[in-house]
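The values are calculated or read from the model by the stated rules, or taken from the named source; none is laboratory data. Model, not experiment: these values are computed from the prediction. Here the Cβ positions follow ideal geometry from the backbone for every residue, glycine too, while neighbour counts run over all protein chains shown. To get the accessible areas, we keep the full protein, side chains included, count just its heavy atoms, and leave off ligands, DNA and RNA. Shrake-Rupley method; radii C 1.70, N 1.55, O 1.52, S 1.80 Å.
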Amino acid sequence: QKEVEQDPGPLSVPEGAIVSLNCTYSNSAFQYFMWYRQYSRKGPELLMYTYSSGNKEDGRFTAQVDKSSKYISLFIRDSQPSDSATYLCAMSAFGEETSGSRLTFGEGTQLTVNP
Amino acid sequence: SQTIHQWPATLVQPVGSPLSLECTVEGTSNPNLYWYRQAAGRGLQLLFYSVGIGQISSEVPQNLSASRPQDRQFILSSKKLLLSDSGFYLCAWKRLGLDEQYFGPGTRLTVT
């Protein structure tokens with residue numbers, strides 16, 4: 001079983017829709033949660049970072065973490081064609097500095113927002 | 001501000017040829033550095049990471065190697081490429097004590 005499972009998609013929505021992207025994890029040591037956006041043929045770009053349960057907002061993006069359910073989500077409001085990309089969740093455990101603080105990634109969800 | 005560079009951007013190499021990919025980071029010191037490979041439509045596979053000059057940890061046994069000759073330089077190498085080495089290679093860095101990693105633009109390698 002993978003430590004991180006991400007809804008595989010692909011997801012296709014009309015412009016203006018609310019998008020929900022989701023990951024579940026099995027390792028209760030994970031304390032830090034990130035969402036990356038990756039455009040085609042580009043490197044991933046950090047979108048959101050959070051370490052506490054609850055919601056964190058940044059413009060049209062909201063990251064939600066539920067540690068009791070081991071579930072994280074990224075919501076995109078008023079989605080735009082420019083949001084079309086692959087979204088990757090990533091997480092890391094506390095206290096792993098000496099072992100490189102590795103991130104464990106989901107496999108990504110491809111999102112297309114149609115004009 | 002910090003910037004991460006990778007080169008070359010694209011590479012086509014025959015099977016059995018050597019490989020050298022370079023990554024450099026500007027605007028920070030003593031970063032952790034990472035090499036990842038991403039197969040088409042797949043997630044990121046961590047290949048190597050480094051917490052300091054000359055310190056390399058390997059995550060997956062394969063015919064690739066990594067070196068860190070300077071604080072902000074990370075090199076991925078192979079003596080003889082295999083077809084299965086094709087993919088998108090990404091370098092990333094992070095600050096000591098923080099968890100967020102920042103990625104470079106990537107190198108797309110095709111082994112023919």
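Annotation: Cα Rg of the range B:72-112 relative to the compact-globule expectation 2.2 N^0.38 Å equals 1.46. Buried surface between chains A and B: roughly 1800 Å² of accessible area, summed over both sides, computed with a 1.4 Å probe on protein heavy atoms only. Exposure check, 1.4 Å probe, all protein chains in place: residue A:65 carries approximately 10 Å² of accessible surface.
FRET efficiency for the residue B:59 to residue A:110 pair, using the beta carbon distance and R₀ = 30 Å, is estimated at 0.75. Can you tell me the alpha carbon radius of gyration of chain A divided by the globular rule-of-thumb value 2.2 N^0.38 Å? In units of the 2.2 N^0.38 Å rule of thumb, it is 1.04. Taking the three principal axes of the alpha carbon atoms in the protein assembly as shown, the coordinate ranges are 48, 39, 38 Å, sorted in descending order.
Two decimals, Cα atoms only, Kirkwood Rh: what is Rg/Rh over the range B:17-65? My calculation puts Rg/Rh at 0.98. In units of the compact-protein estimate 2.2 N^0.38 Å, chain B shows a Cα radius of gyration of 1.01. Could you check how much of the accessible area of the protein assembly as shown is carbon and sulfur, as a whole percent, using a 1.4 Å probe? The computed percentage sits at 50.
Counted by Cβ distance under 13 Å from residue A:8, the other residues give a net charge of -1, where Lys and Arg count +1 and Asp and Glu count -1. What the protein assembly as shown shows is 47 Å² of accessible area per residue, with the surface traced by a 1.4 Å probe over protein heavy atoms.
Buried on complex formation within the range B:81-112 (loss of at least 40 square angstrom of accessible surface versus the isolated chain, 1.4 Å probe, ligands and nucleic acids ignored): B:99, B:100, B:101, B:103, B:108. Approximating the spin labels as points 7 Å out from Cα along Cα→Cβ, the residue B:96-to-residue A:17 distance works out to 4.7 nm. Sequence-ordered 3J(HN,Hα) estimates for the range B:85-90 from the Karplus curve with 6.51, -1.76 and 1.60 and θ = phi - 60° stand at 7, 4, x, 9, 9, 10 Hz, glycine and proline given as x.
Fully extending the segment from residue A:46 to residue A:82 would add 11.4 nm, taking 0.36 nm per residue of separation and subtracting the current Cα-Cα distance. Sorted largest first by accessible area at a 1.4 angstrom probe radius, with every protein chain in place, the residues B:56, B:75, A:76, A:18 fall in the order A:18, B:56, B:75, A:76.
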